[in-house]
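Written out below as structure tokens is the structure these notes cover.
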């Protein structure tokens, strides 16, 4: 059961990222907790297993790239980049600090390891397509990953990108849809019902899988399958929970951006550390 | 260095041919050059490029926002993308993509917005950008260029492979008046003093350069000595030259195929009022939308004529 061992290792890595993400948000005292928590597992799989990277060379042209189009989930990415050694963990204290390196929304000019600036929703898909095409034109076998939110799919530019990537056979690209069912004003079905996202992506010609976005084994399997697909772009719709694993955010409707008390964060950190310990115990079994 | 034609006549080469030929020459030598278009290569004259370099020519369809984002992504991998659409769709429609995906992200792209202002002619108000440069000018670090003839287009475009940043150029696709002798060279960010004078300076770009030269000739017949400057770079603006014009001639007229609100006149006024305030007059579109018509009809309708420029020059001199 080699795969399940790797899945358990990556689950432990994910919980470590979750702890560091909460700690990072804790320094600031507020932030985009919901959407940061829902992408923890996929980010762990990408940086822990799939992406060809060299933290000592963030600008290495042959690296794989990630565009975090839902740029407000930056803290999760900051946590994993610190854990991978792109910058000292101490720097995580700079979240939203004026003049610091870690703005609320990801910025390629501010943070080592951030491949693309994002924050104005809907734009990441196009940048990711451009990166994938540029690498393909240059004969590089690099892969590009992009993470978009389900609420973000309200933006029409995504659908321009989906059409284009199919028409141009961009098969070195994987798009993850973080389907956490919520956006700033409430449930996605109430704000602007996205309908069946996977069916739509399939109709756009993408090789599309829909999986439990918090199940590491499923994530590993889906990315492997996507990465071996030729001729069409790949989409992986991640069924996730906004705020997953954060005691004061999970199950809360207005958890897109939250203020919290030190006591709430203390309790969340305690629970997250317990999740991490449990994941590590599972690894030892 | 540049030399201007002794006589103003229609250019032999359409602007779009100068653009396409120059890009093809560049692409021969430089693998980084990539062209993108939004279902307008038949209009932009880029068919030869798309035929010759299919692997570096990207047809995006009618999806300009996606096109600009792709251009930004391409530049992240070291490519030098040139994206085209009609002016309004290459500027105001994609303002946020240019702002965030390209400029704010500190990436390296070029955008051609064709058929500025009245040169959109029969395409009318929906396609007639009097606002493209104004919309984009508040994007930090962007470079805005409006060449006036094919010689200027060729030399300026040839410089765009080795500079870094976001460059927007507006250019009529078809015929123009030939202002420059072949071989003339242009320095981005610097204006060209085309004609010296002592009483007033006319600062223009694009189609208004030839009109301004005509106006200066007419003014000379009336005993008025007018300087003419081709300020083909709107941003960064050549403050040094503008201040020199204000100091030496004491009055300035701007002439632009654009809304005077947020246009060339506004940019020149910022330099003038901060450094050497002198009377100014503004020739351009007075906060109106476009409409259909021949280019001649539209030039007359919006006052983009040599006669209007000359009259404005006299008004500016009277206010000294």
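Readers should treat all values here as calculations from the given coordinates under stated rules, not as data from a laboratory. Everything numeric in this text was worked out from a predicted model, so none of it was measured. Counting neighbours? That spans all protein chains shown, and the Cβs are built from the backbone with ideal geometry, glycine included.
Please label the shape of segment B:11-179 as rounded, prolate or oblate, based on the square roots a ≥ b ≥ c of the eigenvalues of the alpha-carbon gyration tensor (a/c under 1.5 means rounded; beyond that, a/b larger than b/c means prolate, else oblate). Taking the square roots of the gyration eigenvalues as a ≥ b ≥ c, segment B:11-179 is rounded.
The order of the peptides B:220-228, A:45-53 by mean Cβ neighbours within 10 Å, most packed first, is A:45-53, B:220-228. Taking a ≥ b ≥ c as the square roots of the eigenvalues of the Cα gyration tensor of segment B:192-318, is the shape rounded (a/c under 1.5), prolate (a/b larger than b/c) or oblate? Judged from the Cα gyration tensor, segment B:192-318 comes out oblate (a/c at least 1.5, b/c at or above a/b). The angle separating the long axis of helix A:2-28 from the principal Cα axis of greatest extent in chain A is about 60 degrees. Taking the C-alpha atoms only, the angle from helix B:15-29 to the longest principal axis of chain B is near 50 degrees. The order of the peptides B:162-169, B:1-8 by mean Cβ neighbours within 10 Å, most packed first, is B:162-169, B:1-8.
Would segment A:209-260 count as rounded, prolate or oblate if I go by the C-alpha gyration tensor, calling it rounded below 1.5 in a/c and otherwise prolate when a/b exceeds b/c, oblate otherwise? It comes out prolate by the Cα gyration axes.
Calculated mean residue ellipticity, 222 nm, the protein assembly as shown: -11500 deg cm²/dmol, from DSSP H runs (n ≥ 4) at -39500 (n - 2.57) each, averaged per residue and rounded to 500.
Calculated on C-alpha atoms, the gyration radius of segment A:1-51 divided by its Kirkwood radius gives an Rg/Rh of 1.07. Computed as a quarter of the hull surface, the mean projected area of the alpha carbon convex hull for segment A:59-116 stands at 3.7 nm². Which one of B:207, B:62, B:109 has the biggest mean-square fluctuation once chain B is modelled by GNM with Cα springs under 10 Å? In the Gaussian network model the winner is B:62.
Across peptide A:161-174, the mean count of Cβ atoms from other chains lying within 10 Å of each residue's own Cβ comes to 2.
Contact order, relative form, for chain A: 24 percent (alpha carbon pairs under 8 Å, 6 or more residues apart, mean separation divided by residue count).
Only Cα pairs under 8 Å and 6+ residues apart enter the sum, and on that basis the relative contact order of chain B stands at 18 percent. Helix A:262-284 and the long axis of chain A differ in direction by around 60°, with both axes built from C-alpha atoms. Comparing Cα centroids, segment B:270-315 and segment A:189-235 end up 55 angstrom apart. Percent of C-alpha pairs per 20 Å bin in the protein assembly as shown, short distances first: 20, 44, 27, 9, 0.
When the Cα atoms of segment B:97-215 are aligned to their principal axes, the ranges along those axes come out at 43, 34, 28 Å in descending order.
Using C-alpha pairs below 8 Å separated by at least 6 residues, the relative contact order for segment B:85-174 is 41 percent.
Expressed as a fraction of 2.2 N^0.38 Å, the C-alpha radius of gyration for chain B is 0.95.
When the Gaussian network model of chain B links Cα atoms closer than 10 Å, the mean-square fluctuations of B:61, B:45, B:117 top out at B:61.
Label-to-label distance, residue B:9 versus residue A:163, with points set 7 angstrom from Cα along the beta-carbon direction: 4.6 nm.
For peptide A:181-193, the mean count of partner chain Cβ atoms within 10 Å of a residue's Cβ comes to 0. With a 10 Å cut-off around each Cβ of B:93-106, the average count of Cβ atoms from other chains is 4.
Taking only the C-alpha atoms of chain A, Rg followed by Dmax gives 17.6, 52 Å.
Exposure proxy for A:200, A:242: other Cβ atoms within 10 Å of each Cβ, ordered fewest to most, give A:200, A:242.
Taking only the C-alpha atoms of segment B:143-190, Rg followed by Dmax gives 10.7, 30 Å.
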